[in-house]
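Reading through the structure tokens given below for one structure.
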Amino acid sequence: MPDSICICGAGTMGSGIAQSAAQHGIPVILYDLDPAKLSRAWLQIEKDLQQQVVKKRIRFDDKKEIIHRIRFTTVISECQAGIVLEAIVENTEAKVSLFTALEKLNGFDTLFVSNSSSLSIKAIAERTAFPDRIMGMHFFNPATRMKLVEIIRTDHSNEASVQRIRDLAVLMGKTPVICKDDPGFIVNHVARPFYLEALRLAEKGIADIETIDKLAEAAGFKMGPFHLMDLIGNDINYTVSCSLYEAMGRPERLKPSPLQEAKVKQGEFGRKSGRGFFDN
């Protein structure tokens, strides 16, 4: 029997992870304080599964079973599972507070994992009373499609815990990569120049965003940097840039983009807001 999993945060990532787990037979609790977010999550999951039915990837009965495996709740006391994953706001204080509250509701063998894309997992762990039970499990958007998952271990992690998280990733049909707790982990460390250099080209007027994306796609990328930032969310992408910039000692090459900052301030987050670098 697979570990049951509780996911805290029913935004784009949280709902996508919940759906991915449920589609692979894992019982899921999806928790959020905001009932409206849970409603949107249910609608998004139902919509995506219906598209899979239409494309004959799954049967209608499969769709019903998958949705039935997810328990949607606004009640934090129901957040009890073998593995608890947070996909909330990218803020260390908020994550520590949530894990501290959840630890009181769960058994001593429950593991707590963060979907943070840039924050130090060790810094989160060491502010709790149970650092050996906290790790990172970083999914990529859209979580229902993207295979890669970064598993971030800290100095406090033991092999048994690492293996449990790895087993969960494999059970979800993912390809786990185990990495150290370093700023940006692997993917965001490598990908940051991809975004930032594209933004600089646009800021300097060397090329427009449509041309930059077409060039990237012609070079073999499935999606150009601006379409990808719209998919991820400009708010999330900009936050990661700021976090990595600070963590790496503010090197000029990693300086966050004023162009993307302006998009965030204007509420043009990309696909989730209907407008970003492109109309979505």
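For LYS47 and VAL75, the difference between the fully extended length at 0.36 nm per residue and the C-alpha to C-alpha distance is 7.6 nm.
Stretched out straight at 0.36 nm per residue, the stretch from THR92 to ILE206 would grow longer than its current Cα-Cα span by 37.3 nm.
On a 30 Å Cα-Cα criterion, which of the cross-link pairs LYS63/LYS263; LYS122/LYS147; LYS55/LYS214; LYS174/LYS263; LYS37/LYS263; LYS47/LYS122 come out too long? Mind dumping the intermediate values first?
Numbers: LYS63/LYS263 37 Å; LYS122/LYS147 25 Å; LYS55/LYS214 28 Å; LYS174/LYS263 32 Å; LYS37/LYS263 23 Å; LYS47/LYS122 37 Å.
In this structure, LYS63/LYS263; LYS174/LYS263; LYS47/LYS122 exceed 30 Å between Cα atoms.
Provide the percentage of antiparallel DSSP beta bridges, counting only those with both residues in the chain; round to the nearest 5. Please list the in-between numbers first.
Numbers: 5 of 30 bridges.
In the chain, approximately 15 percent of DSSP beta bridges are antiparallel ones.
Distance from the Cα centre of region 1-46 to that of region 165-205, in angstrom? Cα centres, region 1-46 to region 165-205: 22 Å. Among 118-125, 15-22, 92-99, 68-75, the peptide with the highest mean count of other Cβ atoms within 10 Å heads the list, and the full ranking is 15-22, 118-125, 92-99, 68-75. How far is helix 35-54 tilted, in degrees, relative to the longest principal axis of the Cα atoms in the chain, given as a value from 0 to 90 rounded to the nearest 10? For helix 35-54, the angle is close to 80 degrees. Relative to the longest principal axis of the Cα atoms of the chain, the long axis of helix 12-23 lies at roughly 50 degrees. When +1 charges are put on Lys and Arg Cβ atoms and -1 charges on Asp and Glu Cβ atoms, the dipole computed for the chain relative to its Cα centre reaches about 640 debye. Principal-axis analysis of the Cα atoms of the chain puts helix 187-203 at an angle of about 30° to the longest axis.
Can you give the calculated 222 nm mean residue ellipticity of the chain, where each DSSP H run of n ≥ 4 adds -39,500 (n - 2.57) and the sum is split over every residue, rounded to the nearest 500 deg cm²/dmol? Don't skip to the end; give the middle numbers.
Details: 11 runs with 128 residues, N = 280.
Value at 222 nm, helices only: -14000 deg cm²/dmol.
Entry note, region 97-249: relative contact order of 18 percent, from Cα contacts under 8 Å with a spacing of 6+ residues. 3J(HN,Hα) along region 131-139, derived from phi through the Karplus expression 6.51 cos²θ - 1.76 cosθ + 1.60 where θ = phi - 60°, amounts to x, 6, 9, 10, 9, x, 9, 9, 8 Hz, with x in place of Gly and Pro. Would you work out which of CYS79, SER97, ALA123 lies farthest towards the positive end of the dipole of region 1-142, given +1 charges on the beta-carbon of Lys and Arg and -1 on that of Asp and Glu, about the Cα centre? Of CYS79, SER97, ALA123, it is CYS79.
Each reported figure results from applying straightforward, stated rules to the coordinates on display, with no laboratory input. Because the structure is a prediction, the values reported are computed rather than measured. Methodologically, a virtual Cβ is constructed for each residue, glycine included, from the backbone with ideal geometry; neighbour enumeration extends over all protein chains shown.
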